[in-house]
Amino acid sequence: SARERNLAKLLSTRLPQHMLHMLHRAGELGDRLQVSVYAVGGFVRDIMLSRPAVEFDDVDLVVEGDGIAFARALAQELGGRVREHRTFMTALIIYHDENGEEQRLDVATARLEYYKYPAALPTVELSSIKMDLFRRDFTINAMALRLNKGQFGCLVDFFGGQSDIQRKTIRIIHALSFVEDPTRIIRAVRFEQRYGFHISTQGEKLIKNALSLNLVEKLSGARILHELNLIFREDEPETCLRRLNELGVLAAIHPSLVLNADKNELLDSLREVIDWYRLLYFKETPELSTLYLMALCSAVPAIETADILHRLGLTPTMREEILSLRESVRMTLVELINWHRDTQKKGQAEQSVSRLCALLAPLPLESTLYLMARSDNEEISSSVSQYIYKWRQIKVDINGDDLHRLGLEPGPQFGSVMRMVLAAKLDGKAETREAQLKLAEELIRKGFPGNGTAGAAPKKPR
Ligand code: CTP
């Protein structure tokens with residue numbers, strides 16, 4: 001039905017070399033094994049949407065024939081290995097490209113006997129690739145590219161995916177789509193917001209219909225959480241969450257998840273904080289799920305929060321963890337307000353940095369970032385940000401050997417001396433190694449608060 005369009009040129013300009021090479025080899029192997037091979041799904045969509053090439057990390061192939069046999073042969077050619085899933089007739093190829101980077105390739109089988117017809121649909125004669133595409137979620141995700149030689153790059157578009165991309169529309173393929181898989185409601189919103197598209201009018205009606213049939217209520221917590229986690233990884237999770245809220249999806253997941261003005265504001269500042277943190281390029285990355293779940297449960301009482309987290313399939317341990325993170329953020333905020341007040345008093349300001357660091361050091365990264373997002377005091381937020389990008393990284397310039405040489409026996413006192421030296425460095429009172437050695441010596445000689453004894457035992461002569 002669709003006009004034949006060949007995307008071979010687009011592929012060669014937009015794909016990394018190794019991927020293009022792999023697609024050609026898959027097509028040539030298809031010729032040899034006399035099966036049709038297609039690249040399908042999100043890969044085709046993103047090629048047509050001109051997304052940057054870095055995003056093409058996973059490719060899905062569909063084979064009209066024995067997908068597993070095809071995957072084995074392709075893995076051999078690529079020097080990779082295969083993980084087979086016999087029940088679904090799918091396989092995962094894991095191989096290394098020319099640059100030695102690990103690549104993954106999903107291979108599925110399209111065979112008419114694998115499709116159980118939804119009873120309510122009219123029986124029509126379909127080819128197996130068409131049936132495979134028909135079973136998918138949205139028209140923009142239901143296009144394929146032929147890979148066999150001679151037809152390499154030919155677009156297969158039975159359901160108008162191409163024109164829906166032009167019209168910026170998320171359109172479902174058949175009316176039972178959300179009944180078959182209600183997680184698609186959340187996916188629809190994710191694609192809509194990611195690409196700045198619109199869910200079609202019919203799509204919105206079917207979402208309303210699915211909600212009134214309580215289909216979201218019937219989904220398992222784990223499946224919902226999986227979809228939410230994908231949203232948390234989007235560039236603008238808050239826009240997806242607002243749309244889910246507006247459609248009544250959040251309420252269907254749990255009534256206490258609904259957004260209000262405070263949560264909306266928190267979601268915005270959380271995203272700013274996360275974007276800010278990303279630009280620092282630190283190795284450690286925060287658990288987005290923890291951050292966003294805390295924001296979505298903001299100001300919801302503990303028992304209800306536990307209930308939400310239970311609904312999302314979190315284990316008791318994970319529920320406890322989020323609740324206790326939230327509690328520690330709440331308590332630390334109170335202490336930060338005291339700290340801030342004290343720093344404005346004379347005399348106390350001198351220890352301001354070390355005191356702040358002592359308050360924040362026990363918190364995991366997620367709590368610190370959440371704290372930044374939650375604080376409405378500019379100066380506190382800015383101090384917490386300095387803690388994250390600067391003070392947290394500061395180390396003392398002396399080590400255990402130095403303390404040993406100064407006559408301190410290894411033991412808990414080592415840690416106490418180091419902490420006090422670090423505090424002095426943070427407060428600008430012992431910036432050089434010499435100054436730190438001098439301070440350590442004084443502390444060891446005079447004894448120091450916190451070590452429990454007046455003066456440490458001097459090292460015994462050997
Ligand atoms: N799919 C579907 N219904 C679902 C999940 C997936 O029909 N509930 C189909 C879609 O055709 C989709 C393909 O499986 O394109 C691959 O799914 P997935 O990897 O989850 O999504 P992508 O489209 O690749 O999207 P993303 O860019 O988020 O990876």
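The values are calculated or read from the model by the stated rules, or taken from the named source; none is laboratory data. Computed from a prediction, not measured in an experiment: that's the story for all the values here. Cβ atoms come from the backbone with ideal geometry, glycine included; neighbour counts cover every protein chain shown. Please note that ligands, DNA and RNA were not included when accessible areas were found on the heavy atoms of the full protein model with its side chains. Shrake-Rupley method; radii C 1.70, N 1.55, O 1.52, S 1.80 Å.
Worth pointing out:
- For the chain, a simple Cβ point-charge model (Lys and Arg +1, Asp and Glu -1, everything else neutral) yields a dipole of about 360 debye relative to the Cα centre.
- Using a cut-off of 19 Å between Cα atoms, the listed pairs 283/425; 395/425; 395/438 include 283/425 as exceeding that distance.
- The shape of region 346-400 comes out oblate: with a ≥ b ≥ c from the C-alpha gyration tensor, a/c is at least 1.5 while a/b does not beat b/c.
- When only the Cβ of Lys, Arg, Asp and Glu is charged (+1, +1, -1, -1), the dipole of region 343-402 relative to its Cα centre reaches about 180 debye.
- On the beta carbon distance between residue 10 and residue 272, with R0 = 30 Å, the FRET formula returns roughly 0.25.
- Hydrodynamic radius of region 246-322 per Kirkwood, over alpha carbon pairs, in Å: 13.6
- Kirkwood Rh, angstrom, region 367-434 [1 / mean 1/r, Cα pairs]: 13.9
- Whole-number Å³ per residue for the convex hull built on Cα positions in region 25-83: 95
- On the basis of the beta-carbon distance and an R0 of 25 Å, residue 442 and residue 395 show a calculated FRET efficiency of 0.80.
- Charge context of residue 105, other residues only, Cβ under 14 angstrom, K/R +1, D/E -1: -4
- Probe 1.4 Å, accessible area per residue of the chain, Å²: 51
- ³J(HN,Hα) computed for each position of region 242-256 - Karplus, 6.51 cos²θ - 1.76 cosθ + 1.60, integer Hz, glycine/proline x: 5, 5, 4, 5, 4, 7, x, 6, 4, 4, 5, 6, 6, x, 7
- All C-alpha to C-alpha distances of the chain, sorted into 10 Å bins beginning at zero, yield P(r) values of 4, 16, 20, 20, 16, 11, 8, 4, 1, 0 percent in whole numbers.
- Shape call, region 217-280: gyration tensor on alpha carbons, a/c limit 1.5: oblate
- Long-range tail of P(r) for region 191-300 (Cα pairs > 24 Å, %): 27
- FRET efficiency, residue 204 to residue 258 (Cβ-Cβ, R0 30 Å, nearest 0.05): 0.95
- You can think of it this way: the chain between residue 279 and residue 21 has 89.5 nm of extra reach, that is 0.36 nm per residue less the Cα-Cα gap.
- Global geometry of region 305-417, whether rounded, prolate or oblate, following the gyration tensor of its Cα atoms and the 1.5 cut on a/c: oblate
- For the pair residue 168 and residue 318, label points projected 7 Å from Cα toward Cβ lie 3.5 nm apart.
- Rounded to the nearest 5, the antiparallel percentage of DSSP beta bridges internal to the chain is 75%.
- Pairs spanning more than 30 Å between alpha-carbon atoms, out of 205/263; 9/205; 345/390; 168/208; 263/429: 9/205; 263/429.
- Rg ratio (alpha-carbon, reference 2.2 N^0.38 Å) - region 174-231: 1.08
- Summed over qualifying helices (DSSP H, 4 residues or more, each -39500 (n - 2.57)) and divided by its residue number, the chain shows a 222 nm mean residue ellipticity of -16000 deg cm²/dmol.
- Accessible surface of region 311-436 [probe 1.4 Å, protein heavy atoms]: carbon and sulfur percent: 52
- Considering every alpha-carbon pair of region 125-282, the percent of pairs per 10 Å bin, from zero through the bin containing the longest distance, is 10, 34, 31, 18, 7, 1.
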